[in-house]
Amino acid sequence: MAHLPTRSFQAYQVFAANTNVGKTILSTGLVRAAAALSVGAEKQKRAATKAFYLKPVQTGYPVDCDARHVKTYAPLVETSRLYAYPDPVSPHIATTNPPPDSEVLMATINAIRSFKQSLGHGDKGWALLETAGGVNSPIMSGELQSKFYRPLRLPTVLVGDSHLGGISTTLTSYESLHQYGYDIPALLLFDNKSRNHEFLERYLAKAENRPLIHVLPSPPEKLADPKADAEQLHEYYTKTESYFKDVVRELEKNHQKRLDRLEELGDKARTSIWWPFTQHQAVKEVTVIDSAYGDIMTTYVAPPTSVATTGDNKETKKEWRWREMFDGCASWWTQGLGHGSPALTQSAAYAAGRYGHVMFPECAHEPAVKLTETLLETVGDGWASRVFFSDNGSTAIEVALKMALKASQDRYINLGEATGRVEVLGVDGGYHGDTIGAMNACSPNVYNAQVTWYKSHGHWFSPPTVVYKDSQFKITIPTEMTDTKEPVQVTIDNLTSIFTEPSAKDPRLEIYRRHIRSTL
């Protein structure tokens with residue numbers, strides 16, 4: 001969690017709408033301004049800010065070295081470069097032996113962690129990660145940067161394209177980042193005759209979480225004489241320092257407001273949301289989820305109510321902290337492919353853009369027909385001829401019950417006449433959802449006990465239970481199936497065999513058959 005922000009630590013990543021749009025110039029100006037804001041901090045009795053610049057991937061090295069550029073014009077800034085390749089080409093063709101993505105990501109996290117841990121007591125930290133190329137440029141493995149850096153989800157400073165045609169590339173980059181779940185607090189552009197910033201300000205005025213657009217003076221044209229070029233760049237950074245300081249201050253405000261919102265979220269939810277499956281009086285801690293990716297939810301946790309003290313018994317204010325939580329139930333079985341899947345995100349965005357929501361009876365559209373054909377060719381192969389779509393598990397159970405009841409009614413003309421009711425067979429302790437019909441197709445349990453409309457419509461078989469004990473899987477068969485005083489236990493070699501069809505010699509088979517037939 002080293003890359004995540006605190007009240008005293010900020011970390012950002014810089015993406016660009018294209019190559020050669022001034023990403024390194026603007027990155028240098030930002031970290032230089034962040035470090036410059038610390039000058040005189042001791043005299044003014046305020047915390048010093050230490051700045052850190054990180055370039056995970058560099059090509060064209062050592063002729064091109066963005067970290068060296070930053071160190072030259074922002075000497076107070078700590079810099080780091082992780083992977084460097086000599087050819088001035090896209091990273092995916094810069095090496096024939098690309099490191100694993102997991103290694104590159106961990107190296108990036110460790111670099112930020114190392115800087116964060118180096119901060120002295122009372123110091124503030126300000127870190128900036130500069131990506132390579134454009135938003136969807138690939139890294140060494142061929143993975144797109146927009147997807148690769150998503151597990152970090154650092155607040156993003158987007159460098160727009162100020163050239164002719166740059167409006168399109170800037171908006172495309174913005175929408176791509178937004179679609180993948182990045183926050184974009186700032187959009188930076190140079191002031192030139194194309195005046196792209198004027199259109200972008202109007203267009204993004206009503207955008208959700210719209211970025212603040214900052215227009216900065218354009219840098220001077222590169223000179224052939226290296227010494228003269230270095231001198232004019234020094235002059236540029238000196239003259240524009242106040243502009244960059246304004247951006248850094250705005251980012252600081254946005255940073256603090258973000259943490260404010262997260263810290264208020266739990267209390268707001270507690271007083272306004274009616275949660276499912278919850279005894280509200282018993283809720284001790286509201287899990288505030290900032291984001292989720294893969295199998296991990298990133299949560300923001302309140303400090304304990306007790307006050308921490310130092311060695312001289314002075315009280316210290318405990319900060320909120322970040323905590324990664326493994327989503328063990330896949331958010332109630334809806335995220336089997338992981339949170340924030342780029343492929344699912346793109347498919348959902350495409351469907352929303354093409355259709356939104358359209359009515360379904362007597363209608364057809366490509367995604368539905370395509371999915372239907374896939375299901376019939378795979379899980380439905382050999383037994384299903386049609387697909388009925390429902391929107392959730394509980395409703396699907398009710399649909400299946402209605403289908404089964406109607407089919408049975410057609411098959412058995414006098415269905416239910418003898419008893420005045422129709423029942424289902426089920427397993428005791430089963431759970432099928434929380435709509436009334438699905439509840440009635442369950443044995444009495446803690447979920448339906450409070451529902452006055454609940455009425456059990458079935459017979460419920462007590463299921464065998466499985467335990468793993470003494471390095472063996474054992475199935476315990478209930479006494480009602482065996483007519484014995486003690487439950488019968490059967491030892492099974494492995495877990496797979498529990499769920500496969502038993503052989504004719506398996507003693508369970510006859511026990512189950514006899515019990516079901518005699519019960520019916």
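The values are calculated or read from the model by the stated rules, or taken from the named source; none is laboratory data. Everything numeric here is computed off the predicted structure, so don't read it as measured data. Backbone-built Cβ (ideal geometry, glycine too); neighbour counts: all protein chains shown. We work out accessible area using only protein heavy atoms, side chains counted, and drop any ligands, DNA or RNA first. Shrake-Rupley method; radii C 1.70, N 1.55, O 1.52, S 1.80 Å.
Considering region 435-459 alone, what residues qualify as being surrounded by 13 or more Cβ atoms within 10 Å (Cβ to Cβ), under 36 Å from the mean Cα position of the chain (by Cα) and in a loop (DSSP other than H, G, I, E, B)?
THR435, ALA441, CYS442, ASN445, TYR447, ASN448, listed by residue number.
Looking only at region 345-373, count every residue that is in a helix (DSSP H, G or I) and without any contact (Cβ under 8 Å) to a residue 12 or more places away in the chain and tell me the total.
The number of residues fulfilling the criteria is 10.
Taking region 64-118, which residues are assigned to a helix (DSSP H, G or I) and of a type in the set (Lys, Arg)?
Scanning region 64-118 gives ARG68, LYS71, ARG113, LYS116.
I'd like the full set of residues that are part of a helix (DSSP H, G or I), surrounded by 14 or more Cβ atoms within 10 Å (Cβ to Cβ) and more than 38 Å from the chain's Cα centre (by Cα), limited to region 389-434.
Residue satisfying the conditions is LEU405 alone.
For region 55-106, name all the residues that are open to solvent by 70 Å² or more (accessible area, probe 1.4 Å), farther than 30 Å from THR240 by Cα and of a type in the set (A, V, I, L, M, F, W, C).
ILE93, MET106
Take region 343-369 and flag every residue that is surrounded by 10 or more Cβ atoms within 10 Å (Cβ to Cβ) and not aliphatic (A, V, I, L, M).
If the condition is that a residue be surrounded by 10 or more Cβ atoms within 10 Å (Cβ to Cβ) and not aliphatic (A, V, I, L, M), then THR345, GLN346, SER347, TYR350, ARG354, TYR355, PHE360, HIS365, GLU366, PRO367 are the ones that fit.
Restricting attention to region 295-322, report how many residues are of a type outside the set (A, V, I, L, M, F, W, C) and modelled with pLDDT of 95 or more.
Going through region 295-322 one residue at a time, the tally reaches 4.
Can you work out which of the residues in region 1-46 that are of a type in the set (Val, Ile, Thr), modelled with pLDDT under 95 and under 29 Å from the mean Cα position of the chain (by Cα) is most open to solvent (accessible area, probe 1.4 Å)?
THR19
Quick test of your reading of the structure: SER118 fulfils all but one of (1) at pLDDT below 95; (2) within 23 Å of LEU177 (Cα to Cα). Name the failing condition by number.
Every listed condition holds for SER118 apart from (2).
Restricting to region 162-176, name every residue that is surrounded by fewer than 21 Cβ atoms within 10 Å (Cβ to Cβ) and touching a residue at least 60 places away in the same chain (Cβ under 8 Å).
Answer for region 162-176, where residues must be surrounded by fewer than 21 Cβ atoms within 10 Å (Cβ to Cβ) and touching a residue at least 60 places away in the same chain (Cβ under 8 Å): HIS163, THR169, THR172.
Are there any pairs, at least 6 apart or on different chains, whose C-beta atoms fall under 9 Å, with the first in region 109-121 and polar (S, T, N, Q) and the second part of a loop (DSSP other than H, G, I, E, B) and surrounded by 13 or more Cβ atoms within 10 Å (Cβ to Cβ), and if so, which?
ASN110/ALA2; SER114/ALA2; GLN117/ALA2
Mind checking whether some residue in region 224-237 is surrounded by 12 or more Cβ atoms within 10 Å (Cβ to Cβ), over 25 Å from the mean Cα position of the chain (by Cα) and of a type in the set (Asp, Glu)?
The answer is yes, given that some residue of region 224-237 is surrounded by 12 or more Cβ atoms within 10 Å (Cβ to Cβ), over 25 Å from the mean Cα position of the chain (by Cα) and of a type in the set (Asp, Glu).
Scan region 178-194 for residues that are open to solvent by 40 Å² or more (accessible area, probe 1.4 Å) and within 23 Å of LEU30 (Cβ to Cβ) and report the count.
5
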